[in-house]
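Each remark here refers to the structure printed beneath this line.
The values are calculated or read from the model by the stated rules, or taken from the named source; none is laboratory data. Model, not experiment: these values are computed from the prediction. Here the Cβ positions follow ideal geometry from the backbone for every residue, glycine too, while neighbour counts run over all protein chains shown.
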Amino acid sequence: MSRSRPARESRTPEPELAPADVQAVRAALNRAARRLNILELIILSAAAIASIAGGWLAALLATRAFGFPFRMTWVGASLALFVIPALAAYLVNRRRQGAQGKSAADTTDQSPAGDTE
């Protein structure tokens, strides 16, 4: 015979934050967000430069090997080198978010009859 014990509240009181502390945290978060935005722009710029350089090299090789027009091949190859990896990353991210959403939905507490509240 086991009796269930009443749940004890063992919550520690949360300390009150001073307005100066809240402002300091907000300033730090804003500074971090600004730095991450700058880093994102640097990475995006590097990817664009790499795709232009790779497109130039592909156009140079295609022009000499197959006689394709250089400028149109350069534009097409540069766009392909930029858009295809971006599209692949986007699709992988969507698939990952969908899997996380499904796993979160599967772990919800359900009654034995399958009813949810």
Does segment 8-67 hold any residues that are outside any helix (DSSP H, G or I) and hydroxyl-bearing (Ser, Thr, Tyr), and which are they?
SER10, THR12
State whether the residues of segment 88-98 include one that is surrounded by 10 or more Cβ atoms within 10 Å (Cβ to Cβ), at pLDDT below 95 and assigned to a loop (DSSP other than H, G, I, E, B).
no
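Here is a yes/no grid of residues against (1) closer than 30 Å to PRO85 by Cβ; (2) acidic (Asp, Glu); (3) modelled with pLDDT of 95 or more; (4) exposed (fewer than 10 other Cβ atoms within 10 Å of the Cβ):
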position	(1), (2), (3), (4)
ARG3	no, no, no, yes
PRO6	no, no, no, yes
LEU17	no, no, no, no
ALA28	no, no, yes, no
LEU39	yes, no, yes, no
Restricting attention to segment 60-81, the residues that are aromatic (Phe, Trp, Tyr) and within 23 Å of ALA47 (Cβ to Cβ) number exactly 2
